[in-house]
Amino acid sequence: MTAAEDAGVNLEAPQEGRVFFSNVRRSLEFEDEIVLVSVGVDIGSSTSHLVFSRLRLERLDSRYVVAERTVLHESEVLLTPYAGPADDLTIDATALREFVDAQYALAGVQPELIDSGALILTGVAVRRSNARAIGELFAAQAGKFVAVSAGDALETTLAAMGSGAAARSIREGCRVMNIDIGGGTSKIAVCENGAVVAQTAVDIGARIVGMDAAGRVQRIEAAGARLAAEVGLTLQVGGVPDAAGLQRLVQHMADRLFEAVQGGALHADTAALLRLDGLPAGAPPEVVTFSGGVSEYIYG
């Protein structure tokens, strides 16, 4: 049984302007409860993954609200593939397509059975020269997908909401700061009463210097080259950097990030890394949370 069959969903052909979502041939026009199969696709500068879900929607007055969400299949996390050491501006669309196709097969879901979905490009992935080509992987389902290229402000807000930081600020009645550390950027959001009241983003991330398993440099982002130069570390594609120099680079990145977190006036080199206006000086947060790929290391 496929995930879609398990969800009890069958997308029927349109009849008289109505689109049927259930196997008893009832339409959105009269349905008080709807079950959909949805897929969320996140393509980031560091990692990419998919989540297939069953959504149960209930009518509330003139609109529908999600009453229940069940995860049908969670893909493995893929290190976002790039075309090659000599080209740091292109995501490998072929490798990404193979990964996506494999996850559909593992989920037991055929693309045509997806009722709704969301594709989001985040971090440095948005700025790649072939970001449009990545979106076209899902062009056949364009009518079903919401496609978003998340700018820094939107991505910072999404991280604050998705991590639970905003909800925690309501639940505990406190000022919560969420620091989302990704592959190409770090996003900082300050939440009060469920809302993001201050935010910034900075060019610091786990893959601004991309390395292979043997420790050879594969890609160097502009921010990575700038930070390495500030600590006297020579980087070259194909080369193996000095271990002590890498440690200096990591410490320097952490120092710059924590300066940005504190807000107020910044050193010129830190200000040069900002992708949004810096945080204003103000009361420190009562709670600090971390999200993004690096958070797995922070939380052990």
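The values are calculated or read from the model by the stated rules, or taken from the named source; none is laboratory data. Bear in mind that the values here come from a model prediction, so they are computed numbers and not experimental data. Reconstructed Cβ throughout: ideal geometry from the backbone, glycine too, with neighbour counts over all protein chains shown. We work out accessible area using only protein heavy atoms, side chains counted, and drop any ligands, DNA or RNA first. Shrake-Rupley method; radii C 1.70, N 1.55, O 1.52, S 1.80 Å.
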Given Cα pairs under 8 Å that are at least 6 residues apart, what percent is the relative contact order of region 247-286? 38
With a 1.4 Å probe and all protein chains in place, put V35, V217 in order of accessible area, largest first. V35, V217
Tell me the accessible surface of D269 in square angstrom (1.4 angstrom probe, heavy atoms of protein chains only), to the nearest ten. 60
How much accessible surface area, in Å² rounded to 10, belongs to the heavy atoms of L235 with a 1.4 Å probe? 40
In region 159-261, the GluC sites (Glu not before Pro) that fall in loop regions by DSSP, at most 14 other Cβ within 10 Å: E172
Largest to smallest accessible area among K187, K144 [probe 1.4 Å]: K144, K187
Where does each of H252, H267, H49 land when they are ordered by accessible area, with a 1.4 Å probe and the largest first? H267, H49, H252
Given backbone amide H placed at 1.01 Å from N, residues whose amide H is under 5 Å from that of G182, ignoring those fewer than 5 places away on the same chain, are K187, A206
Using a 1.4 Å probe, how large is the accessible area of T157, given in Å² and rounded to the nearest 10? 40
Between beta-carbons, use under 12 Å as the cut-off and find the net charge around E286, counting Lys and Arg +1, Asp and Glu -1. 0
